[in-house]
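Engineer: The structure's right below; bear with me while I get my questions together.
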Amino acid sequence: MRGAGQQHPGSEFVFENLSEKFQRVFKTLRGEAKLTEENMAEVLREIRLALLEADVHFQVVKQLLENVRTKCQGQEVWTSFSPAQQVVKIVRDELLELLGGTTARLKFAPRPPSVFFLTGLQGSGKTTTAGKLARWLQRGGHHPLLVSVDVYRPAAREQLAVVAREVGTPVFAGQSDARPVDLALAARAEARNKGCDVLLVDTAGRLHIDEELMAELVELRDRMEPTEILFVADAMTGQDAVRSAEEFHRRLNTTGVVLTKLDGDARGGAALSIRSVTGQPIKFVGTGEKYDNLELFHPDRMTSRILGMGDVLTLIEKAEEVIDRQKAEDLERNFRMDRFSLEDFREQIRQARRMGPLSQVLALLPSVGPFRNVPKQDVDDKALVRVEAILNSMTAKERVRPEILNGSRRRRIAKGSATTVQEVNQLLKQYDQMRRMMRSMSGRMGKKALSQFAASAPGA
Amino acid sequence: MIQTLFGSPEAKPGLLERFQKAVQSTRSSLVSRVEDLVRGKTEIDAKLLEELEETLIAGDVGVGTAQEVLEAVRGQVSRGQLQEPSRLKSAVKAELLNILKQTADGLPRTVVPPVVILVVGVNGTGKTTTIGKLAFQLRAEGKTVLLCAGDTFRAAATEQLEIWGERTGCEVVKQRPGADPSAVLFDALTSAKARQFDYIIADTAGRLHTKVNLMAELEKMRRTSQRIIPGSPHEVLLVLDATTGQNGLQQARQFTGSAGITGIVLTKLDGTAKGGGVIAIARELKLPIRYVGVGEQKEDLLPFDPEQFIESLFS
Ligand SMILES: Nc1nc2c(ncn2[C@@H]2O[C@H](COP(=O)(O)OP(=O)(O)OP(=O)(O)O)[C@@H](O)[C@H]2O)c(=O)[nH]1
Ligand SMILES: Nc1nc2c(ncn2[C@@H]2O[C@H](COP(=O)(O)OP(=O)(O)OP(=O)(O)O)[C@@H](O)[C@H]2O)c(=O)[nH]1
Ligand SMILES: [Mg+2]
Ligand SMILES: [Mg+2]
């Protein structure tokens, strides 16, 4: 706060401060017109680290960054993003595309019972997921039957029996010394008898390099002709995910993936690795040990989890929501054509404000990386509000042709916006200076002029 | 009904194919490429170091640890201590070995029996199986072992341990499902003390390290152990799955905080995963790796061999 008698205490200081921050976030005003090797380098380095720390397979990371680099090169920096934000956005879009659609369809057989397999490495969560899926199917009006063909692990079949009891679905117990194929065949007959329309087959955990057990699965598949062969994978899996997933897929033609244990803090980059090598959709995720903890896979959530830049992504999404691309482009064109009107300026302020309080928007930025120097506190939105109020009090005609603003019009505007005539004058004076500057410079510098304008817009 | 609940996925096949190809090419050639470089080149260059970094990352060593190790080696190169590319790999190995050797002393102190071993870890890593294998080893040494079915949560966890008890000739102390694990442990401890068992090995339910109340439950088990047998638990083993990536370090940190880990068992090394994450754990927490699991049978538990482990990262 400054001296008494001031109509808007501290406004000049606040606005300068604010616009400086504003300018840093929306580097549209900074004058980097194109994405280049240089302005992308730092953010790409960080993205590489983020992806590797998230356990995305290093070769997948390499390929991904290559794609992103090609996509980015020479791209115009959009009005609403900084180069770094724009690169993150492109990476995000790439991840979203790679991870596939939002939800996946389970395939049922034309003639019931449909047979679904749960396969995967030891301890990944197959038996638990079988229980979860049984519940899921029940809720969808199906009548699943469970069967365990894990004749190896101690108490594996007992485990599924307990699971079935807890979920409230029938389970086929079978002979204690039966072979997996015989168990499965008998279970299918039982499903038919009982009128169960889905048979969920819980298989023993096995290593992808275990020739004998992989061959057993192949035989099981050939005899049972499942419509779904789900690869159940632990979200904590590291670089090895590509090998196991690929081998299971190669041998069995898996139809989808269930990613378990996502309730922990693993970033889950394995999702990306697995998806990359198998091409199969991630159909469900496991988010706990309870039978209700099964959810559809959401690529957007997974993307921000893997990138670990949730805050930046939120910011980008917010920006995307509010910024009408066409308007942004119009604005760009007007810059170049030296026709940046007060109307355009108002539009830009509006877009910024629609993202929420500026302080909140700034707080979304991470405190590491390219945004580390952006101050996160002490941002006052009031000055911006007043500038917008002034602009709002003008008629559209006045905004497009400010030269018609005579004394009486200015008084009206000041009154209408609860500001002073001096403030209105100052805004117009600086707008004028800026326009003159813009005229003498090319588009790039024009943007800089705009930022200077913003930085010195009305004080008391 | 269900069918209509689901939309349809499908990514561009072109994109996926490219990824598949990329991954495949590394798989087949990464190691040999490093070998070629090492043999063929006469000067250590950035490219060679990058290949080494990739080898380490591929083994789940982690990009941070990999970079630090390579930085140390790079230092040797720039000081002129290392000029031969053929010696680069052994310098990296030495650096890694050094980290593994700076862990706490691996030998358990001599204690008055029963020796209490608590086995903890996240879900599905191989705790119960490891207990079976450990019991088998101890029995082979002529020790008496009492097993404690401390996982009262997971379906048929007790039955699973009981089968291991039968296989190894060990008694199992248990209660009904849903019982307080500390109460089961209490029973087992008092029984082992009264009947003078040499060892008691307690199973615990798998739990993610992020679940605060489940971690508190472990703290309670620890306190129970301490109360009944002062100085115990003598060994708290964290069972880590070798297929786990960078999350392993976080697991080790959190379990050390709540359960006071004294050593690590690295399971499932019979697969293709390298388990390189334990290097960062050894470096930061100085936790020794006691055993490695190499299969599902009772014999499949081996003492940890650092040299062999490091060697396997490069093969
Ligand atoms: N936190 C959490 N735990 C899970 C999830 N899914 C499974 N689990 C736990 O992971 C452990 C292993 O699960 P199982 O269902 O027995 O795994 P499996 O793949 O059948 O194991 P094997 O048959 O031995 O190969 C159990 O402790 C489960 O409770 C999940 O989504 N979140
Ligand atoms: N290949 C291989 N499989 C192993 C190894 N150790 C355990 N397993 C398997 O991994 C799966 C999980 O083992 P468990 O001992 O049930 O794991 P856990 O940690 O007790 O699991 P929860 O109690 O559910 O958390 C089982 O299928 C075991 O047979 C190993 O060293 N190698
Ligand atoms: Mg199972
Ligand atoms: Mg267990």
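The values are calculated or read from the model by the stated rules, or taken from the named source; none is laboratory data. As the structure is a computational prediction, the values presented were derived from the model and not from experiment. Here the Cβ positions follow ideal geometry from the backbone for every residue, glycine too, while neighbour counts run over all protein chains shown.
Engineer: Any residue in segment B:190-210 that's within 14 Å of chain A (Cβ to nearest Cβ): show its pairings with residues that are more than 16 Å from ligand 4 (Cβ to nearest atom) and among the hydroxyl-bearing types (Ser, Thr, Tyr) at Cβ separation under 9 Å, as long as the two are six or more apart or on different chains.
Structural biologist: Close Cβ pairs satisfying both conditions: B:HIS209/B:SER258.
Engineer: Within segment B:144-153, how many residues are away from chain A (no Cβ under 13 Å), more than 10 Å from ligand 4 (Cβ to nearest atom) and in contact with a helix residue (DSSP H, G or I) (Cβ under 8 Å, 6 or more places away or on another chain)?
Structural biologist: Number satisfying all stated conditions: 3.
Engineer: Also, I was wondering about something else. I'd like the residue in segment A:131-150 that is within 14 Å of ligand 2 (Cβ to nearest atom) and buried (at least 24 other Cβ atoms within 10 Å of the Cβ) and, out of all such residues, is nearest to A:ARG250 (Cα to Cα).
Structural biologist: Only one residue fits best here, namely A:VAL149.
Engineer: Can you tell me how many residues within segment A:252-285 are more than 19 Å from the chain's Cα centre (by Cα), of a type in the set (Gly, Ala, Ser) and not in a loop (DSSP other than H, G, I, E, B)?
Structural biologist: 1
Engineer: Right, next: Need the failing condition index for B:GLY245 against (1) more than 10 Å from the chain's Cα centre (by Cα); (2) within 17 Å of A:MET236 (Cβ to Cβ); (3) surrounded by 23 or more Cβ atoms within 10 Å (Cβ to Cβ); (4) more than 10 Å from chain A (Cβ to nearest Cβ), just the number.
Structural biologist: If we test B:GLY245 against (1) more than 10 Å from the chain's Cα centre (by Cα); (2) within 17 Å of A:MET236 (Cβ to Cβ); (3) surrounded by 23 or more Cβ atoms within 10 Å (Cβ to Cβ); (4) more than 10 Å from chain A (Cβ to nearest Cβ), just (4) comes out false.
Engineer: Which of the residues that make up segment B:67-108 are closer than 30 Å to B:GLU235 by Cα and within 14 Å of chain A (Cβ to nearest Cβ)?
Structural biologist: Of all residues in segment B:67-108, those closer than 30 Å to B:GLU235 by Cα come to B:93-108.
Matches in segment B:67-108: none.
Engineer: Here is a follow-up. Please verify whether B:GLY121 is over 30 Å from B:ASN247 (Cβ atoms), among the small types (Gly, Ala, Ser) and modelled with pLDDT of 95 or more, treating the condition exactly as stated.
Structural biologist: no
Engineer: Looking at (1) away from every other protein chain (no Cβ under 13 Å); (2) surrounded by 20 or more Cβ atoms within 10 Å (Cβ to Cβ); (3) at positive phi, which is the only condition B:ALA156 fails?
Structural biologist: Here B:ALA156 meets the rest and fails (1).
Engineer: Could I ask something else about it? In segment B:119-153, which residues are away from ligand 1 (no atom under 16 Å from the Cβ) and out of contact with any Gly (no Cβ under 8 Å at 6 or more places or on another chain)? It would help to see each step written out before you state the result.
Structural biologist: Step one: filter segment B:119-153 for residues away from ligand 1 (no atom under 16 Å from the Cβ), giving B:134-148.
Listed by number, the residues that qualify are B:LEU134, B:PHE136, B:GLN137, B:LEU138, B:ALA140, B:GLU141, B:GLY142, B:LYS143, B:THR144, B:VAL145, B:LEU146, B:CYS148.
Engineer: Quick check on my filter: what residues within segment A:223-242 are surrounded by fewer than 21 Cβ atoms within 10 Å (Cβ to Cβ) and either within 11 Å of chain B (Cβ to nearest Cβ) or polar (S, T, N, Q) (or both)?
Structural biologist: A:THR227
Engineer: Considering only residues of segment A:191-222 that are part of a helix (DSSP H, G or I) and either within 14 Å of chain B (Cβ to nearest Cβ) or free of Cβ contacts under 8 Å to residues at least 12 places away in the same chain (or both), which is nearest to ligand 3 (Cβ to nearest atom)?
Structural biologist: The extreme case among them is A:LEU213.
Engineer: If a residue counts only when it is at pLDDT 80 or above, which helices (runs of 4 or more DSSP H) contained entirely in segment A:361-460 have at least 1 such residues? It would help to see each step written out before you state the result.
Structural biologist: On the way: elements: A:382-393, A:396-400, A:407-416, A:421-440, A:443-456.
Passing ranges, in order: A:382-393, A:396-400, A:407-416, A:421-440.
Engineer: Would you please name the residue that is nearest to ligand 2 (Cβ to nearest atom), looking only at residues in segment A:158-186 that are buried (at least 24 other Cβ atoms within 10 Å of the Cβ) and closer than 19 Å to B:ALA157 by Cα?
Structural biologist: The extreme case among them is A:GLN159.
Engineer: Would you pick out the residues in segment B:199-222 that are among the β-branched types (Val, Ile, Thr) and either within 16 Å of ligand 2 (Cβ to nearest atom) or crowded, with 16+ Cβ neighbours inside 10 Å (or both)?
Structural biologist: Within segment B:199-222, B:ILE200, B:ILE201, B:THR204, B:THR210 meet the criteria.
Engineer: Just one of the numbered conditions (1) within 12 Å of chain B (Cβ to nearest Cβ); (2) assigned to a loop (DSSP other than H, G, I, E, B); (3) more than 16 Å from ligand 4 (Cβ to nearest atom) is not true of A:ASP177; which one?
Structural biologist: Unmet condition: (1).
Engineer: Consider A:ARG251 carefully, then state whether it is facing chain B (nearest Cβ under 8 Å) and touching a helix residue (DSSP H, G or I) at 6+ places or on another chain (Cβ under 8 Å).
Structural biologist: Considered against the rule, which asks whether it is facing chain B (nearest Cβ under 8 Å) and touching a helix residue (DSSP H, G or I) at 6+ places or on another chain (Cβ under 8 Å), A:ARG251 comes out as no.
Engineer: Could you tell me which of the residues B:THR224, B:THR210 is touching a Gly at 6+ places or on another chain (Cβ under 7 Å) and either under 14 Å from B:VAL122 (Cβ atoms) or not aromatic (Phe, Trp, Tyr) (or both)?
Structural biologist: On inspection, the qualifying residue turns out to be B:THR210.
Engineer: Then there's this: With respect to B:GLY165, determine if the residue is away from chain A (no Cβ under 13 Å) and small (Gly, Ala, Ser).
Structural biologist: Spelling it out, it is not the case that B:GLY165 is away from chain A (no Cβ under 13 Å) and small (Gly, Ala, Ser).
Engineer: Taking the stated definitions as given, is B:GLN160 within 26 Å of B:ALA242 (Cβ to Cβ) and polar (S, T, N, Q)?
Structural biologist: When the stated conditions are applied, B:GLN160 passes them.
Engineer: Got a number for residues in segment B:250-274 being away from ligand 4 (no atom under 16 Å from the Cβ) and more than 10 Å from chain A (Cβ to nearest Cβ)?
Structural biologist: So the count comes out to 12.
Engineer: Also, quick follow-up: Please work out which residue is farthest from ligand 4 (Cβ to nearest atom), limiting yourself to segment A:191-243 and to residues that are under 19 Å from A:ALA130 (Cβ atoms) and of a type in the set (Ser, Thr, Tyr).
Structural biologist: Restricting to residues being under 19 Å from A:ALA130 (Cβ atoms) and of a type in the set (Ser, Thr, Tyr), the top hit is A:THR227.
Let's see how each residue does on (1) more than 14 Å from ligand 1 (Cβ to nearest atom); (2) under 25 Å from the mean Cα position of the chain (by Cα); (3) modelled with pLDDT of 95 or more:
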site: A:ILE209; (1), (2), (3): yes, no, yes
site: A:LEU217; (1), (2), (3): no, no, yes
site: A:MET224; (1), (2), (3): yes, no, yes
site: A:GLU228; (1), (2), (3): yes, no, yes
site: A:PHE231; (1), (2), (3): no, yes, yes
site: A:ALA235; (1), (2), (3): no, yes, yes
site: A:VAL242; (1), (2), (3): yes, yes, yes
site: A:ARG250; (1), (2), (3): yes, no, yes
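Engineer: B:GLN196: surrounded by fewer than 23 Cβ atoms within 10 Å (Cβ to Cβ), over 19 Å from B:THR130 (Cβ atoms) and either of a type outside the set (Val, Ile, Thr) or modelled with pLDDT of 95 or more (or both), yes or no?
Structural biologist: Against the criterion (surrounded by fewer than 23 Cβ atoms within 10 Å (Cβ to Cβ), over 19 Å from B:THR130 (Cβ atoms) and either of a type outside the set (Val, Ile, Thr) or modelled with pLDDT of 95 or more (or both)), B:GLN196 qualifies.
Engineer: Condition test on A:ARG153, is it surrounded by fewer than 21 Cβ atoms within 10 Å (Cβ to Cβ), within 12 Å of chain B (Cβ to nearest Cβ) and within 16 Å of ligand 2 (Cβ to nearest atom)?
Structural biologist: Here the answer is yes, as A:ARG153 does meet what is asked.
Engineer: Let me ask another. Looking at segment B:163-179 only, could you name the residues that are free of Cβ contacts under 8 Å to residues at least 40 places away in the same chain and away from ligand 1 (no atom under 16 Å from the Cβ)?
Structural biologist: Hits for segment B:163-179 are B:GLY165, B:GLU166, B:GLY169, B:CYS170, B:GLU171, B:VAL172, B:VAL173, B:LYS174, B:GLN175, B:ARG176, B:ALA179.
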